[in-house]
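J.: One structure, pasted below without further comment.
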Amino acid sequence: MFIRDTAYKTLRGVEAEIDALAARSGAEIALLGESTEGRPIRALCFGGGDYRKPELLYYALEHSMEYIGAEAALDAARRLADGECSEFLDKTNVWVLPVFNPDGYARVEKQLSSGLGLAFARKNASGVDLNRNFPVAFYHFPGSVFAGSPLKFSPHYRGAEPCSEQETRVFRDFILGRNFKISLAFHCFGASILYPYFYKKSKCGAHDTLAALAGKISFAQRSPYSVKPGHKLYLTNGSSADWLYDEQGILALVMEIGKLGVKADRPESWINPFFWFNPVDPREELDNIVPASLKLVEETASRFCGD
Ligand SMILES: [Zn+2]
């Protein structure tokens, strides 16, 4: 279930845990679609799934090597399966999509398991950065090294056109068919909670609401993260969060988990980029962020229900 010499699950282990959590809690499993290489993209739904209820989405692993994000989403699902926040689930559905980019996850798993153990990958099987492939400001170039690039060899290659990628289309169609009000994407690293805009240096219309939501999470953390609009960390176009907010009216948050993970006493973290992004032992950071992130369940129920 775990990749050798790491505290992180194999993709098969992630899928097995999704099945186990559903079996244990009665949550629904939805097959959203397939990746470029034909792997299933699956989400858990807590709350019964009636789309007339306001919905909340946690999603992770747009970027291949950001395993702690998938682990954070799974940890949120574990807590929901254990009954946390159950008092709000008659008013809201909570969806958890741990692995947006399963081909990327599998590729990193293969590198880590190969014995070389060095893993640096962020794109999908076609070499596209999925968090630059969304139909929002796609052709706009905000003048940043992190912006979506038209060049295939760039780590931030945006793809040939908006939604050129299978995974992006699966996610888009999933969102269009549901009733999401709030979303939280897990990425790493940066110890921050971000919100739109990412593609331009201006205040979005929901700035104060988004800052308050992010502030609630931060306030509930043992080691609080900074709260700011995404463009203050890095400017980028074509991101899922800007699309969710700008095109779908969803209050979209992004959490950049943790800090650069190089630790003096953990030699594996000195040379392997995987451990710059993912702590050797993720437990402490998960406990810092996941219970706090679940504050959004009550927020979704209280902000968007009529009574
Ligand atoms: Zn990322």
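J.: Given axes a ≥ b ≥ c from the Cα gyration tensor, I'd like to know whether the stretch 248-304 is rounded (a/c under 1.5), prolate (a/b larger than b/c) or oblate.
T.: prolate
J.: On to the next question. How high is the relative contact order of the stretch 11-304, given as a whole-number percent (alpha carbon pairs under 8 Å, six or more residues apart)?
T.: 22
J.: Quick check: from the Cα gyration tensor, does the stretch 198-304 come out rounded (a/c under 1.5), prolate or oblate?
T.: Oblate shape, in that a/c is at least 1.5 and b/c is the bigger or equal ratio.
J.: Which order do the peptides 78-86, 182-190, 154-162, 121-129 take when ranked by the mean count of other beta-carbon atoms within 10 Å per residue, highest first?
T.: 182-190, 121-129, 154-162, 78-86
J.: Still on this structure: Past 20 Å, Cα to Cα: identify those pairs from LYS152/LYS200; LYS232/LYS263; LYS152/LYS228; LYS152/LYS232; LYS53/LYS295, in the order given.
T.: LYS152/LYS200; LYS232/LYS263; LYS152/LYS228; LYS152/LYS232
J.: Along the three principal axes, how long is the chain when you take its alpha carbons, biggest first, rounded to the nearest angstrom?
T.: Principal axes ranked by extent give 56, 44, 38 Å for the Cα atoms.
J.: If all Cα-Cα distances of the stretch 1-71 are sorted into 5 Å bins from 0 onward, what percent lands in each bin, rounded to whole numbers?
T.: 3, 13, 21, 26, 20, 11, 4, 1, 0
J.: Quick one: which of 284-290, 251-257 comes out on top by average Cβ neighbours within 10 Å, and what's the full order, highest first?
T.: 251-257, 284-290
J.: A further question follows. Could you sort 261-270, 213-222 so that the peptide with the highest average Cβ count within 10 Å comes first and the rest follow in order?
T.: Packing order, densest peptide first, comes out as 213-222, 261-270.
J.: While we're on this one: So what J values fall out for the stretch 286-300 if you push phi through Karplus, 6.51 cos²θ - 1.76 cosθ + 1.60 with θ = phi - 60°, rounded to Hz, Gly and Pro as x?
T.: So the Karplus estimates, Gly and Pro as x, are 4, 5, 6, 10, 6, x, 5, 5, 6, 4, 5, 5, 4, 4, 5 Hz.
J.: Continuing with this model, one more query. So what does log10 I(q)/I(0) come out to for the stretch 37-82 at q = 0.16 Å⁻¹, using the Debye formula with one equal point on every Cα and no solvent?
T.: The computed values of log10 I(q)/I(0) come out as -0.55.
J.: Could I ask something else about it? When DSSP assigns beta bridges and you keep just the ones with both residues in the chain, what percent turn out antiparallel, to the nearest 5?
T.: Roughly 35 percent of the DSSP beta bridges within the chain come out antiparallel.
J.: Karplus couplings for the stretch 241-256 from phi (6.51 cos²θ - 1.76 cosθ + 1.60, θ = phi - 60°), rounded to Hz, Gly and Pro as x?
T.: In residue order, the calculated couplings are 5, 5, 5, 4, 6, 6, 9, 10, x, 8, 6, 9, 10, 10, 9, 9 Hz.
J.: Still on this structure: From the backbone phi of the stretch 220-229, what are the Karplus-calculated ³J(HN,Hα) couplings (6.51 cos²θ - 1.76 cosθ + 1.60, θ = phi - 60°) in whole Hz, Gly and Pro given as x?
T.: These are the phi-based 3J(HN,Hα) values: 7, 7, 5, 10, x, 8, 6, 10, 6, x Hz.
J.: Quick one: which residues, 5 or more positions from LEU251 or on another chain, have an amide H under 5 Å from its amide H? H modelled 1.01 Å from N in the peptide plane, none for Pro or chain starts.
T.: ILE182, SER183
J.: Of all DSSP beta bridges located in the stretch 31-159, what percent are antiparallel, nearest 5?
T.: So the antiparallel bridges in the stretch 31-159 amount to around 50 percent.
J.: Take the Cα radius of gyration of the stretch 1-158 and divide it by 2.2 N^0.38 Å, with N its residue count; two decimals is plenty.
T.: This ratio for the stretch 1-158 stands at 1.13.
We did not get these values from a lab; they are worked out from the coordinates using the rules stated. Quick caveat, the model's predicted, so the values are computed rather than measured. No Cβ is skipped: glycine too gets one built from the backbone with ideal geometry, and neighbour counts run over all protein chains shown.
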